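The values are calculated or read from the model by the stated rules, or taken from the named source; none is laboratory data. All figures in this text were calculated on a predicted structure; none of them were measured in a lab. Cβ coordinates were reconstructed from backbone atoms using ideal geometry, including for glycine residues, and neighbour counts include every protein chain displayed. When the accessible area is computed, the model is the full protein with side chains, heavy atoms only, and any ligands, DNA or RNA have been set aside. Shrake-Rupley method; radii C 1.70, N 1.55, O 1.52, S 1.80 Å.
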Amino acid sequence: MNGLPPLRTTPARYTTGRGWLWVRSGFDIFNKGMGISVAMVLVWFMVGMLLEQLPAGGLISQLLYMVWGAGWVAVAARGYRGEPLQFTDLFAGFRHKLTPLMLGGLLVLLLFSLVGLVCLGLLSMWGLLPLLTQDPESMVVSASQLQQLLLVLLVGMLLIVPVLMGVTFAPALIYFHDIGIIQAVRLSFAGCWRNMWPFFWWGLLSAILLLFGAALLLVGLLVVIPALNYSIYVAYRDIFLDESAQPEAPHSEPFGFEA
C-alpha cells in the first residue's frame, strides 16, 4: 500500500543511538504541518473525552486503540515523503482495515486485562486488596506490605513491557501490509526485541520530553505527543521495510539517516 518497500524477512537491528534519530525524525515530520498536528491531537483528545462519557465509552476507546494508531502512521507516511500533512489522514484507520484494527484493539484490551488479573490475584493472595479501598491519607502500611505492593508493581511492569512491544508497530503492520493480527503482534515484538537498546533510549528521551511538555502548562504536549507518534512510523520503516528493494524518490528535507 502507498508504494512502500516490502517487509524485511527479519527485522533490522540498530545501535542505541538510533533511538535519538527516530525522535528527531518525528519532529521533522511535525514541522511539515505544525498547526495540523496540534489540531489532530486536540481532536484525538476531545473524541476520547467524549467517549468516556458514554456507558461503554471505555470499551469503545480500547477497541479504537489501533485504529487511531493507524491514523497517526498514515499522517506520518505523508510527511516522511516530504508532503504537507493532511488532517483527514488521522481517520485513515476508519476507512481502511477497520475490522482487523478493532480486533487488534480487542486483543490489546484482553492482554492488559490479563495483566490486571495477575496483579489482582497477587494482591488477593497476600491479603492486600483492602488497602486499595482505604483513604490514602489515613492508610497504614507495614514494611512487609510495602514490599509486597512494590513486588506486585514490578510484576505488572514486567508483564506490561512485552505487551507494549507487541502492539507498538502492530497498527502500522496491519494498516500498510496484508498480514493478520497475531502475525503483526509477533513481528512488532520481534522488532522491539531486536532493538531493545535503541527503544530504551527512545523511551528515556520520550519520558523527558513528555515531562518537559507537561511542565509547560501542558501546551508542550501538543507538540511532543504528535512528534512521538510520528517517530513510531520512522522506527517502523527503519526496522521493517527493505528500502534497497524499492528505492523511493529523495525527501525534500533529509531526516538525518539512511534506512
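The conditions of being in contact with a Ser or Thr (Cβ under 7 Å, 6 or more places away or on another chain), open to solvent by less than 30 Å² (accessible area, probe 1.4 Å), within 26 Å of residue 159 (Cα to Cα) and without any contact (Cβ under 8 Å) to a residue 24 or more places away in the chain are not met by residue 57. List pairs: first residue in the stretch 107-132 and within 25 Å of residue 182 (Cα to Cα), second residue open to solvent by 50 Å² or more (accessible area, probe 1.4 Å) and hydrophobic (A, V, I, L, M, F, W, C) anywhere in the structure, Cβ distance under 6 angstrom, at least six positions apart or on different chains. These pairs meet every condition: 115/159. Residues in the stretch 127-167 that are assigned to a helix (DSSP H, G or I), over 20 Å from residue 112 (Cα atoms) and open to solvent by 80 Å² or more (accessible area, probe 1.4 Å): 133, 146, 147.
The set of residues from the stretch 224-242 being of a type in the set (Phe, Trp, Tyr) and surrounded by fewer than 22 Cβ atoms within 10 Å (Cβ to Cβ) is empty.
If a residue must be β-branched (Val, Ile, Thr) and crowded, with 19+ Cβ neighbours inside 10 Å, how many such residues does the stretch 95-108 contain?
Of the stretch 95-108, the ones β-branched (Val, Ile, Thr) are 99, 108.
With crowded, with 19+ Cβ neighbours inside 10 Å added as a condition, the list becomes 108.
Selection size over the stretch 95-108: 1.
Scanning the stretch 238-259 for residues that are at pLDDT 65 or above and either within 15 Å of residue 82 (Cα to Cα) or not in a helix (DSSP H, G or I) (or both) returns 241, 242. Any residue that is charged (D, E, K, R) and part of a helix (DSSP H, G or I) - is there at least one of those in the stretch 5-23? Within the stretch 5-23 (the criterion being charged (D, E, K, R) and part of a helix (DSSP H, G or I)), the answer is yes, since at least one residue qualifies.
The residue that is modelled with the highest pLDDT, counting only those in the stretch 100-138 that are β-branched (Val, Ile, Thr) and more than 19 Å from the chain's Cα centre (by Cα), is 118. Within the stretch 197-223, the set of residues being open to solvent by 80 Å² or more (accessible area, probe 1.4 Å) and closer than 21 Å to residue 238 by Cβ comprises 197, 200, 201.
Just so you know, in the stretch 21-54 the residues that are within 22 Å of residue 195 (Cβ to Cβ) and out of contact with any Gly (no Cβ under 9 Å at 6 or more places or on another chain) include one that is surrounded by the fewest Cβ atoms within 10 Å (Cβ to Cβ), and it is 27.
For the stretch 168-180: of the residues being at pLDDT below 95 and closer than 19 Å to residue 92 by Cβ, which is most open to solvent (accessible area, probe 1.4 Å)?
Step one: filter the stretch 168-180 for residues at pLDDT below 95, giving 177-180.
Still in the running and closer than 19 Å to residue 92 by Cβ: 177-179.
Details: 177: 24, 178: 144, 179: 31 Å².
Among them, the one singled out is 178.
Number of residues in the stretch 80-94 that are open to solvent by 70 Å² or more (accessible area, probe 1.4 Å), touching a helix residue (DSSP H, G or I) at 6+ places or on another chain (Cβ under 9 Å) and charged (D, E, K, R): the value is 0.
Please determine, by comparing only the residues of the stretch 109-126 that are within 24 Å of residue 64 (Cα to Cα) and not aliphatic (A, V, I, L, M), which one is least open to solvent (accessible area, probe 1.4 Å). Walk me through how you get there before you give the answer.
Of all residues in the stretch 109-126, those within 24 Å of residue 64 (Cα to Cα) come to 109-117.
Next cut, not aliphatic (A, V, I, L, M) only: 112-113, 116.
Values: 112: 69, 113: 54, 116: 30 Å².
Ranking the candidates gives 116 first.
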